[in-house]
């Protein structure tokens, strides 16, 4: 499973922020028609991406509920700032 619930939610929020900012751009009074058109086209593409991500999230959650997939915890192992892993550097 390449995607997790968290990664999909993260991508969804990023796409929603992009949509918001393109809509803000369209509301500007100092833009020309071409700029407005391009912003609207980008919003259309982003909405399609948003729908795809939401569908992927729905399928993932449904599969987890049905037992088809299991959530897996990926642990972080950090060696820096841990005195157990400190090595003396010899010149």
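Annotations
- A count restricted to the range 38-55 and to residues that are farther than 12 Å from residue 15 by Cβ and within 20 Å of the chain's Cα centre (by Cα) stands at 2.
- Within the range 14-37, the residues that satisfy the criterion of being within 21 Å of the chain's Cα centre (by Cα) and either surrounded by 15 or more Cβ atoms within 10 Å (Cβ to Cβ) or free of Cβ contacts under 8 Å to residues at least 24 places away in the same chain (or both) are 14, 15, 17, 18, 19, 20, 21, 22, 23, 24.
- Note on the range 40-73: residues that are outside any helix (DSSP H, G or I), exposed (fewer than 10 other Cβ atoms within 10 Å of the Cβ) and without any contact (Cβ under 8 Å) to a residue 12 or more places away in the chain total 3.
Coordinate-derived values only; no laboratory data. Keep in mind the model is a prediction, meaning the values are calculated, not measured. No Cβ is skipped: glycine too gets one built from the backbone with ideal geometry, and neighbour counts run over all protein chains shown.
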